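The values are calculated or read from the model by the stated rules, or taken from the named source; none is laboratory data. Source: prediction; values computed, not measured. Here the Cβ positions follow ideal geometry from the backbone for every residue, glycine too, while neighbour counts run over all protein chains shown.
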């Protein structure tokens, strides 16, 4: 006896098609169909098979096209023949033992019964023989088609995918198996249909069997009063009792167009939009069909030629981020006849709402700047980043200020401005460094907000205006260096005394002068040791930037460095024989 396995269907009740994009005419090209299934919007992939028809490329209820023959996510749901998507098809549905149904027909299942109905008494639901089945029970004339369930019809679950979709017949399964060279499990998966090893559910005990090893697909065709036909393991067409549950693959009826199609009317959900706004385009009265293609085109309003919009190949197209008035139309083509027609033209115009706060700007502290978002007309609403709600707002602090203006017609404008509040320049001190030939380089330490510099070097009236000037002193002596740093909000004057030694003083190694220091590193004090009789003019301690932190105008043998932070420092000893530099590491 044949294995009692069945192919089944789902109810179209509760299915609402949202969108469909059919595959192209080339075998293997794919499309998609979006519909409501089990109360949720789902999208299934469709494919142009070698028989020329459009098939789902995934099992009904599967979350994806099979990536392997044993891809669990591609198995989908299991339907008893003649039943619909009432919940029984879920692989986790309750397993209910029954011995009778009211009238033993599809209409006899109690509304809301989401259980898998199993029966160990032959025949299994809802089969029978023409001689033993009570009057009115299903016979060979049973159907699995669109529409509500009746005594002889179970609602085809494929009908929920939209117009033209249905459960395939035995002859259609035979044709696609031949065209795709499907002869077994392996060729079923390698075909364009991508049939996974999804298994089936036993109608006698309710157990799921052969998942990962076999597959079982229903047809809409009855063999006789008891058994409908099914495709088993991709390679053969058998018949199974209706109580068994199998997977469903849906096929779409292809109705070819002819002649010149009707372009129809182009409709825009909004013909006046704000800058950056959107409008949904659609067609009404156009020819529809499996071999009808659509191409939306656009041009600037009132001028130029229409150009195709990339990707806009459905009957609907969403215009987004519109910045200029534009005209749209749709080219409708019958691929069978190669004839085309154009829809009428619809214009989407821009309603401008410009908000301009001006260029980024700065002003001196103590002043106030009034920002103006512009008059947007009666009923306009203003929302500033500083919580102001009027057309203008006064600001006196640095920051980024923005405003959103909503006109009475709903258009929204936005602008942002950066404000910098300036203060008079600030700085720490003058830094000076010179060489043996009294070539000095000057800079200002930590200068903030300075737009200009004016230096004087204390000799011969020499000046400079750069941030880091160079100057050579021609005579030894003590000089006062002055710099005035300025900006539009004020100025700051700094001075520094520079002691210039006679030119040509040598830079010597400390060891040559018999000078050493200890301890090194140190945390509190450093001691200088002079082993030779030399004359010391000055001792300085500088950081790595050349800033003088300690200055002694005579010879000393102890320097207190406890106030210094960790780091490297230099002790410069100016003598009658030359300048010695010793490195000191402060480490606490």
Residue count, segment 84-107, condition touching a residue at least 12 places away in the same chain (Cβ under 8 Å) and outside any loop (DSSP other than H, G, I, E, B), comes to 7
Among strands (runs of 3 or more DSSP E) completely within segment 481-584, the ones holding 3 or more residues that are touching a residue at least 24 places away in the same chain (Cβ under 8 Å) and in the same structural domain as residue 470 (by TED's automatic domain parsing) are 490-500
Over segment 469-478, the set of residues outside any strand (DSSP E or B) and modelled with pLDDT under 95 is 473, 474, 475, 476
request  = With the condition kept exactly as written, say whether any residue in segment 169-189 is more than 25 Å from residue 146 (Cβ to Cβ), in a loop (DSSP other than H, G, I, E, B) and within 40 Å of the chain's Cα centre (by Cα).
outcome  = yes
Restricting attention to segment 248-294, the residues that are outside any loop (DSSP other than H, G, I, E, B) and closer than 30 Å to residue 409 by Cα number exactly 15
Can residue 321 be described as surrounded by fewer than 18 Cβ atoms within 10 Å (Cβ to Cβ), within 30 Å of residue 413 (Cα to Cα) and either touching a residue at least 40 places away in the same chain (Cβ under 8 Å) or not assigned by TED's automatic domain parsing to the domain that holds residue 167 (or both)?
-> yes
Scanning segment 62-71 for residues that are in contact (Cβ under 8 Å) with a residue 40 or more places away in the chain and either surrounded by fewer than 15 Cβ atoms within 10 Å (Cβ to Cβ) or closer than 30 Å to residue 141 by Cβ (or both) gives 68
Checked segment 450-480 for anything at positive phi and in contact (Cβ under 8 Å) with a residue 24 or more places away in the chain; matches are 458
Filter segment 190-217 for residues that are touching a residue at least 60 places away in the same chain (Cβ under 8 Å), out of contact with any helix residue (DSSP H, G or I) (no Cβ under 9 Å at 6 or more places or on another chain) and outside any loop (DSSP other than H, G, I, E, B); the one that is surrounded by the most Cβ atoms within 10 Å (Cβ to Cβ) is 201
If we keep only residues of segment 46-83 that are under 16 Å from residue 208 (Cα atoms) and in a strand (DSSP E or B), then the residue modelled with the highest pLDDT is 79
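Within segment 500-512, restricting attention to residues that are surrounded by 12 or more Cβ atoms within 10 Å (Cβ to Cβ) and within 28 Å of residue 566 (Cα to Cα), which residue is modelled with the lowest pLDDT?
So in segment 500-512, the residues surrounded by 12 or more Cβ atoms within 10 Å (Cβ to Cβ) come out as 500-501, 503, 505, 508, 510, 512.
So of that shortlist, the ones also within 28 Å of residue 566 (Cα to Cα) come out as 508, 510.
Values: 508: 77, 510: 88.
Restricting to residues being surrounded by 12 or more Cβ atoms within 10 Å (Cβ to Cβ) and within 28 Å of residue 566 (Cα to Cα), the top hit is 508.
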Matching residues in segment 298-318 (outside any loop (DSSP other than H, G, I, E, B) and surrounded by fewer than 17 Cβ atoms within 10 Å (Cβ to Cβ)) number 5
Note to self: Please determine whether any residue of segment 341-349 is under 30 Å from residue 410 (Cα atoms), within 26 Å of the chain's Cα centre (by Cα) and either outside the structural domain of residue 413 (by TED's automatic domain parsing) or not in a loop (DSSP other than H, G, I, E, B) (or both).
What the structure shows: no
With criteria (1) assigned to a loop (DSSP other than H, G, I, E, B); (2) more than 24 Å from residue 451 (Cα to Cα); (3) free of Cβ contacts under 8 Å to residues at least 60 places away in the same chain, residue 410 comes up short on (3)
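Could you pull out the residue among 530, 570 that is over 27 Å from residue 430 (Cα atoms) and surrounded by fewer than 18 Cβ atoms within 10 Å (Cβ to Cβ)? Explain how you work it out, then say what you get.
Details: 570 fails: over 27 Å from residue 430 (Cα atoms).
From the options 530, 570, the qualifying one is 530.
Only one of 243, 220 is surrounded by 24 or more Cβ atoms within 10 Å (Cβ to Cβ) and not in a loop (DSSP other than H, G, I, E, B); which? Don't jump to the end; show me each part of the working.
Details: 243 fails: not in a loop (DSSP other than H, G, I, E, B).
After ruling out the rest, the residue left standing is 220.
Within segment 415-432, track down each residue that is assigned to a strand (DSSP E or B) and either buried (at least 17 other Cβ atoms within 10 Å of the Cβ) or free of Cβ contacts under 8 Å to residues at least 24 places away in the same chain (or both). Let's see the steps before the verdict.
Within segment 415-432, the first condition is being assigned to a strand (DSSP E or B), and the residues that meet it are 415-422, 426, 429-432.
Selection gives 415, 417, 419, 421, 422, 430, 431, 432.
This table checks each residue for (1) within 21 Å of residue 332 (Cβ to Cβ); (2) at pLDDT 95 or above; (3) touching a strand residue (DSSP E or B) at 6+ places or on another chain (Cβ under 7 Å).
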site	(1), (2), (3)
247	no, yes, yes
250	no, yes, yes
253	yes, no, yes
274	no, no, yes
282	yes, no, yes
286	yes, no, yes
296	yes, yes, yes
306	yes, yes, yes
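Results for (1) under 24 Å from residue 574 (Cβ atoms); (2) assigned to a loop (DSSP other than H, G, I, E, B); (3) not assigned by TED's automatic domain parsing to the domain that holds residue 368, shown as yes or no for each residue.
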site: 437; (1), (2), (3): yes, yes, yes
site: 441; (1), (2), (3): yes, no, yes
site: 450; (1), (2), (3): no, yes, yes
site: 455; (1), (2), (3): no, no, yes
site: 458; (1), (2), (3): yes, yes, yes
